[in-house]
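Worksheet: one structure, shown below.
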Amino acid sequence: MASAQPGVHALKLQTPCVCSALRNGSNFTKWDDDLSTLAPVTLQVDPHGFYLYWTDHSKETELLDLTLVKDVRTGRSTRTPKEAKLRELLDVGNLVGRLENRMVTVVTASDLVNVNQLNFIASQEDEAKVPETRQV
């Protein structure tokens with residue numbers, strides 16, 4: 001044990017590779033079930049993979065540190081609106097694909113008690129799919 005070399009088992013961390021679709025941003029609609037509001041936003045991830053941020057039509061930007069994200073849900077495991085009127089507004093006929101396949105729910109928490117959910121819906125199913133991340 002005394003002859004062990006320090007740093008032999010050091011872990012080399014690699015920077016995450018953020019795909020171009022997440023860097024450039026995609027158009028989503030952010031909805032809030034408590035306030036019954038819809039807001040068109042552009043959803044993006046910074047090139048280094050530290051922050052998720054969205055910009056609304058009035059150029060206001062909200063930022064979320066990705067270390068607070070506990071889960072990202074798509075498909076059946078997403079949160080659906082409780083109100084029928086809000087559900088009807090989200091399922092507009094000019095959008096492509098089933099409602100549940102276009103939804104994305106981002107679950108955030110600073111601890112085990114205070115859990116929040118951010119709800120987004122894409123205009124197409126392909127935009128809602130989470131691309132595989134690979135290390136560079």
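Throughout, read-outs are computed from the coordinates displayed, never taken from laboratory work. What you are looking at is a predicted structure, and each value in this text was computed from that prediction instead of being measured.
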Can you list the HN-Hα couplings for the range 64-77, worked out from phi with the Karplus curve (6.51, -1.76, 1.60; θ = phi - 60°), rounded to whole Hz and with x for Gly and Pro? 10, 6, 5, 6, 8, 6, 9, 7, 10, 10, 9, x, 5, 7
Enumerate the calculated ³J(HN,Hα) couplings along the range 39-56 in order (Karplus 6.51 cos²θ - 1.76 cosθ + 1.60, θ = phi - 60°), each rounded to whole Hz, writing x wherever the residue is Gly or Pro. 9, x, 9, 9, 9, 9, 10, 5, x, 8, x, 9, 9, 9, 9, 9, 10, 8
What would the Debye equation give as log₁₀ I(q)/I(0) for the range 20-128 at q = 0.13, 0.14, 0.21 Å⁻¹, counting only Cα atoms as equal point scatterers? -0.47, -0.55, -1.26
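Stretched out fully, how many nm does the piece from Q14 to Q124 gain, at 0.36 nm a residue minus the Cα gap?
On the way: separation 110, 0.36 × 110 = 39.60 nm, distance 3.19 nm.
The span from Q14 to Q124 would gain 36.4 nm if fully extended.
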